[in-house]
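Heads up, the thing below is written out as structure tokens.
The values are calculated or read from the model by the stated rules, or taken from the named source; none is laboratory data. Please read all numbers here as calculations on a predicted model, not as lab measurements. Positions of Cβ are backbone-derived with ideal geometry, glycine not excepted, and every protein chain shown enters the neighbour counts. Surface areas here come from the heavy atoms of the whole protein model, side chains and all, with no ligands, DNA or RNA. Shrake-Rupley method; radii C 1.70, N 1.55, O 1.52, S 1.80 Å.
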Amino acid sequence: MTTNENGNYTGKVAFVTGAASGIGRATALAFAREGASVVVADVSEPSNQETARMIEELGGQAIAVKCDVTQAEDVKAALDKTVEAFGRLDFAFNNAGIEPRKAAPTAEYEEEEWNQIIDINLRGVFLCMKHEIPLILKQGRGAIVNTSSGAGIIGIKGSPAYTAAKHGVIGLTKAAALDYAAQNIRVNAVCPGYIDTPMMGRFTGGTDEGRAQVIAEEPVGRMGKPEEIAAAVLWLCSDAAAFVVGHAMVIDGGQTVQ
Ligand code: NAI
């Protein structure tokens, strides 16, 4: 599929973190297909450049920027480059995140692991919004979507940091949504279920058995596809969602309904 010159997002600019892989890459491509210019931001440089190349192959416009979302200077520099390259910012998808390395009950959970997960998965979202919002305010309107998780809705045994970070993303989303609703910036979140990405490959060990265990938790009997999250992000950024503010949209095949 090539880009749609008359797409909903023609002339608009989207900033996507964690764009080198999985959900971020699929969403960056989806924005580009709908005509947006896209800035792809990630710590992983070669894969991120590959995302930009994939967008150019579709006939879209993209720049790749190296950005660690825990570093305010990186985030600011990436957004400066966005304005330098494309003149504005309309949409941001704050999606960079890491999975827990090992499960442990709360009292045995390593402080270092706690700090790292909270730093990337929660504080990173705050830092991105802190520097994106002033740019979006200059356009007079725009939308931000933050990536939470099923772990933002329910507790995950053995994963206190990831659960706290993803619950935190929803709280942060609601607070920011109220702060900027009157100024036409809508802030929402997505809560993906098990999505078939490189992260999920690490989580399941990539084995048939590991995958089957995860799929067994999904009432629909399959994992989600990154494109299914991308579709929700694009909808949340669209005018069709003009009245949707501070919402945490669950896209999980029914996993957290049970
Ligand atoms: P992924 O591992 O395939 O992609 C995540 C990307 O984030 C990678 O490219 C990685 O380099 C980047 N990243 C990690 N730390 C970063 C940092 N400090 N600064 C900038 N970039 C950084 O993961 P996936 O599955 O695409 O996940 C994306 C988001 O969705 C994450 O926030 C994850 O927690 C969330 N999520 C994923 C689910 C899944 O089943 N795959 C389920 C629910 C939520």
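Under the condition of being farther than 23 Å from Ala41 by Cβ and either aromatic (Phe, Trp, Tyr) or not in a helix (DSSP H, G or I) (or both), which residue from the stretch 111-148 is farthest from the ligand (Cβ to nearest atom)? Restricting to residues being farther than 23 Å from Ala41 by Cβ and either aromatic (Phe, Trp, Tyr) or not in a helix (DSSP H, G or I) (or both), the top hit is Gly140. From the set of residues in the stretch 24-39 that are touching an Asp or Glu at 6+ places or on another chain (Cβ under 9 Å) and within 15 Å of the ligand (Cβ to nearest atom), which is farthest from Asp252 (Cα to Cα)? The selected residue is Leu29.
Name the residues in the stretch 50-109 that are outside any strand (DSSP E or B), within 11 Å of the ligand (Cβ to nearest atom) and surrounded by fewer than 23 Cβ atoms within 10 Å (Cβ to Cβ), would you?
Step one: filter the stretch 50-109 for residues outside any strand (DSSP E or B), giving 50-61, 67-90, 95-109.
Now restrict to residues that are within 11 Å of the ligand (Cβ to nearest atom): 50-51, 67-71, 74-75, 78, 95-100.
Listed by number, the residues that qualify are Glu50, Asp68, Thr70, Gln71, Asp74, Ile98, Glu99, Pro100.
If you take the residues in the stretch 11-23 that are of a type outside the set (A, V, I, L, M, F, W, C) and crowded, with 24+ Cβ neighbours inside 10 Å, which one is nearest to the ligand (Cβ to nearest atom)? So, considering only residues that are of a type outside the set (A, V, I, L, M, F, W, C) and crowded, with 24+ Cβ neighbours inside 10 Å, the one nearest to the ligand (Cβ to nearest atom) is Gly18. For Gly124, the requirement of being within 17 Å of the chain's Cα centre (by Cα) and of a type in the set (Gly, Ala, Ser) is met. Within the stretch 110-142, being open to solvent by 20 Å² or more (accessible area, probe 1.4 Å) and among the β-branched types (Val, Ile, Thr) holds for Ile118, Ile120.
A search for C-beta distances below 8 Å between a residue of the stretch 229-244 that is polar (S, T, N, Q) and any residue that is away from the ligand (no atom under 15 Å from the Cβ) and assigned to a loop (DSSP other than H, G, I, E, B), counting only pairs 6+ apart in sequence or on different chains, returns Ser238/Asn8. Here Asp42 clears all of (1) acidic (Asp, Glu); (2) open to solvent by less than 30 Å² (accessible area, probe 1.4 Å); (3) more than 12 Å from the ligand (Cβ to nearest atom) except the condition numbered (3). Scanning the stretch 205-216 for residues that are more than 10 Å from the ligand (Cβ to nearest atom) and either among the hydrophobic types (A, V, I, L, M, F, W, C) or crowded, with 16+ Cβ neighbours inside 10 Å (or both) returns Arg211, Ala212, Ile215, Ala216.
Filter the stretch 163-195 down to the residues that are of a type in the set (Gly, Ala, Ser) and in contact (Cβ under 8 Å) with a residue 40 or more places away in the chain, then identify the one that is farthest from the ligand (Cβ to nearest atom). Among those that are of a type in the set (Gly, Ala, Ser) and in contact (Cβ under 8 Å) with a residue 40 or more places away in the chain, it is Ala181.
Scanning the stretch 223-242 for residues that are out of contact with any strand residue (DSSP E or B) (no Cβ under 9 Å at 6 or more places or on another chain) and over 21 Å from Arg25 (Cα atoms), we see that the one that is least open to solvent (accessible area, probe 1.4 Å) is Ala240.
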